[in-house]
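Q: First the structure, which I've put down as structure tokens, then a few questions once you've had a look.
Values quoted throughout were computed directly from the atomic coordinates according to the rules given, and no laboratory measurement underlies them. All values derive from a computational prediction rather than experimental measurement. Virtual Cβ from ideal backbone geometry, glycine too; neighbours counted across all protein chains shown.
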Amino acid sequence: MTIPAPFEHRPDINGLRAVAVLLVVLYHVGVPHITGGFVGVDVFFVISGYLITSLLVLEAERTGHISLADFYARRVRRLFPALMLVVLATLIMGAIWLLPVFGEQVNLAKSAIATSTYLSNVYFWIYTGGYFDGPADLEPLLHTWSLAVEEQFYLVWPLLVMGVVWWRRHDTAKLRSDLLKVIVLAAVVSLALCVWSTHVKPRQAYYLMPPRAWEFAIGGLLALLLPGREQRSRWGGSLLSACGLLAVVASAFYLDRRSSFPGFNALVPTLGAGAVIAGGVLNRQALGARFLTLKPMTVIGLLSYSWYLWHWPLLAITRAVALEKSSLPRDAALGAVALLAAALTYRFIENPVRTQRPGPFAKTWSTLGAGAAISIFMALCAAALGASTHYTSKEPRYSQAMIASRDTPPLRKACHYDAPFKGLADRKQCTFGDPEHIEALLWGDSHADHLSGLMQAFVADQGAGGIMQRSFSSCRPLQAQAAEVAQLSPACVKFNAAVEQEISELAGRGLKGVVLSSMWNAFMHDMKFEPSSAFVAADRLSPEEKLRVLTQAVDATVTRLQAQGLRVLLVAPTHIMPRLVPECLARHKPEECAAVRTEVEERRQFALTALKHVQASHPDSVRLWDPLNAICGDRLCMASRDGTAMYTDDLHFSASEARHLLSSAEPDLLWLVRR
């Protein structure tokens, strides 16, 4: 049969690249409603699978073998020069604008070393949270995980094709049919692994190549099935092209960071991308294909690799410096700057190296040597940045910021819990003062834990008696029956039940009161309800209904404590600072790190009102202590006091600040223990 040329110029594929990179950039910039723009990476994977498989199979059919050296030399010319430029520029920007403390420069150096070996996906899988977690948003080279996945695909896929070529070395006519069977099997196994790990090990499913291999396989299957079918079906091609493009774009609007991804959800953009590729083969005049071949789309497609490389470091470093997650006007401007940088990179580096092959890129083996040299050079530059932090971090302002971030509550390691809950720690290690004479118990989430310095100061100031801490991250001190309404995790429910049982025991042994402290504001702003709940979805609840829900939930816990003869001290909601305080103080003046009091008051209004209602319903046994006047002036809530940071992050008091609150809280604490 006549072997078609699968690598003839396909401007519609360049247009599809443009769609993919636009979705990614617009998503990262923060354009409203494009909540699933990360699917652009999946589209790139399908395109890579199609083009690389086409290249390998065509070479095997024409020559009877595959040259790995030539293949990898082409990859080096295509990928390495632009990547080196961006990584080096990112390291320079990081040396200038990132902090040598809090791991900012060190983490950048580590990720750059991983990038130089195309293992950054493994690095981010092991050493960071998930792709959608907040801390990952400030990793300047986070986006290189997808390049690592592609490079790992390039290492494995040619070997798979070569194996089939060797098996059919005397009968190349059956090469495509045999390879088709192998790729189908690989796709099924990879998809099954992807679906399973998405639910069991989501970070592994997102970052690693094996759970992503099926996306490349979709492109590989098209490379085997489409040749010879050019211009075969006008209507079929039009339908595939239009529906595929719609599927890709629609997935960027209906998916978001809360979606189970990749898993089955990734089928929509990947199959959509496959449909666009197939539609362009069956009918080059299809409406979707014609849209993708418009000049602006093909130009952006040519710049897509460099634009993808440049946009994220600019966004991440700017956000780190500004200590803000996003600003649409600013980030949109950065996206435009990245596009300009991409155009220059393509014009002077990417395209000349690939097409003109200057200097060491002229021959296969010298190109491979140049690739190795580039990787080593990037790694050495990254190591130099990491080593320099040993000296630059010793500046006084950085030392003070580090001290502030480490000024954590005294019982944080021993007595503050995270899931899974495995039982309460020994009372002696969780008690300030006399563990045999516990007079009060501090119960709540991390906003209880950050008050432990206050309890320590109170016990030291008042002498005998003990105050015990029981705190669990993101776990409001509410009774188990309120779990559905309060969005309590199963581990939190177990913890609260254990604390209630302990309180019942201690009530007969001298316990006089309980301090309830939580991030009440989060309850008011973030609560959601299951369909089985008596309440409707949170986004349809009126402020009055939200107020009633929180009031009832807290009142139920207070009533149970009151029934055991205990007094209750409710701690009014504090606030979230606009920036991470230690990092902010390392970069800016204290006034620039402060919160505006009127905004703080507005955000906590509903939660504070709910607690006031509870206190008013139990006037004799419940008090409400509000620390705000002790930490805020008339206009600003400052981030530091007398040169010492008041917070360890953006929402938790430092141990020093908690102790400083004693003068404000002491009268209410004395009332709690009846002194």
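Q: Looking at the chain, which Cys residues are left with no other cysteine's beta carbon under 4.7 Å from theirs?
A: Cys with no partner Cβ under 4.7 Å: Cys194, Cys243, Cys381.
Q: A further question follows. Pairs of alpha-carbon atoms within less than 8 angstrom and 6+ residues apart define the contacts here; what relative contact order does the chain have, in percent?
A: Details: 1121 pairs, mean separation 100.2, N = 675.
For the chain, the relative contact order is 15 percent.
Q: Could you grab the relative contact order for the stretch 11-392? Cα pairs under 8 Å, six or more apart, rounded to a whole percent.
A: Details: 589 pairs, mean separation 124.0, N = 382.
With pairs under 8 Å counted, the relative contact order is 32 percent.
Q: Where does helix 68-97 land angle-wise versus the long Cα axis of the chain, in degrees 0 to 90, nearest 10?
A: 30 degrees
Q: To the nearest 500 deg cm²/dmol, what mean residue ellipticity at 222 nm is calculated for the chain from DSSP H runs of n ≥ 4 alone, each contributing -39,500 (n - 2.57), summed and divided by the residues? List each step's numbers first, then the result.
A: Values: 30 runs with 414 residues, N = 675.
It lands at -19500 deg cm²/dmol.
Q: Let me ask something else. Using alpha carbons only, how many degrees (0 to 90, rounded to 10) separate the axis of helix 267-282 from the longest principal axis of the chain?
A: 20 degrees
Q: Moving on. Sort the following peptides by mean Cβ neighbour count (other Cβ atoms within 10 Å, averaged over residues), highest first: 52-63, 625-636, 239-250.
A: On the way: 52-63: 19.2, 625-636: 15.1, 239-250: 20.7.
Ranking the peptides 52-63, 625-636, 239-250 by packing returns 239-250, 52-63, 625-636.
Q: Working from Cα positions, state the angle (0 to 90°, nearest 10) between the long axis of helix 543-562 and the longest principal axis of the chain.
A: Orientation of helix 543-562: about 50 degrees from the principal axis.
Q: Sticking with this one: Pop out the ³J(HN,Hα) list for the stretch 488-496 in order, Karplus 6.51 cos²θ - 1.76 cosθ + 1.60 with θ = phi - 60°, rounded to Hz; leave Gly and Pro as x.
A: 7, 6, x, 5, 5, 4, 4, 4, 4
Q: Give me a comma-separated list of calculated 3J(HN,Hα) values for the stretch 32-45, in order, Karplus coefficients 6.51, -1.76, 1.60 applied at θ = phi - 60°, integers in Hz, x for any Gly or Pro.
A: x, 6, 8, 8, x, x, 4, 5, x, 5, 5, 5, 4, 4
Q: Separate question: Tell me, Ile34, Ile96, Ile66 in order of fewest to most beta-carbon neighbours within 10 Å? Walk me through the numbers before you get to the answer.
A: Numbers: Ile34 22, Ile96 9, Ile66 18.
In order of increasing Cβ crowding within 10 Å: Ile96, Ile66, Ile34.
Q: Here is a further query. On the Cα set of the stretch 11-392, report Rg and Dmax in Å, please.
A: For the stretch 11-392, the Cα-based Rg and Dmax read 20.5, 67 Å.
Q: Hey, fewest Cβ within 10 Å first, where do Glu500, Glu601 land in order?
A: Numbers: Glu500 18, Glu601 14.
In order of increasing Cβ crowding within 10 Å: Glu601, Glu500.
Q: Given a cut-off of 32 Å, what percent of all Cα-Cα pairs of the chain lie beyond it? Walk me through the numbers before you get to the answer.
A: On the way: 133794 of 227475 pairs.
Value for the chain (Cα pairs over 32 Å): 59 percent.
Q: Moving on. How do Arg357, Arg579, Arg406 rank when sorted from fewest to most other Cβ atoms within 10 Å of their own Cβ? Intermediate results must be reported in sequence, preceding the final value.
A: Details: Arg357 15, Arg579 22, Arg406 11.
Lowest count first: Arg406, Arg357, Arg579.
Q: Let me ask you something else. I'd like to compare 40-51, 639-650, 280-291: which one has the highest average count of other Cβ atoms within 10 Å, and what's the full order after that?
A: Numbers: 40-51: 26.0, 639-650: 19.5, 280-291: 21.5.
The most tightly packed comes first, giving 40-51, 280-291, 639-650.
Q: At a 10 angstrom cut-off on C-beta neighbours, averaged per residue, how do the peptides 311-318, 608-615, 154-161 rank from highest to lowest?
A: Working: 311-318: 23.0, 608-615: 19.9, 154-161: 17.6.
Output ranking for 311-318, 608-615, 154-161: 311-318, 608-615, 154-161.
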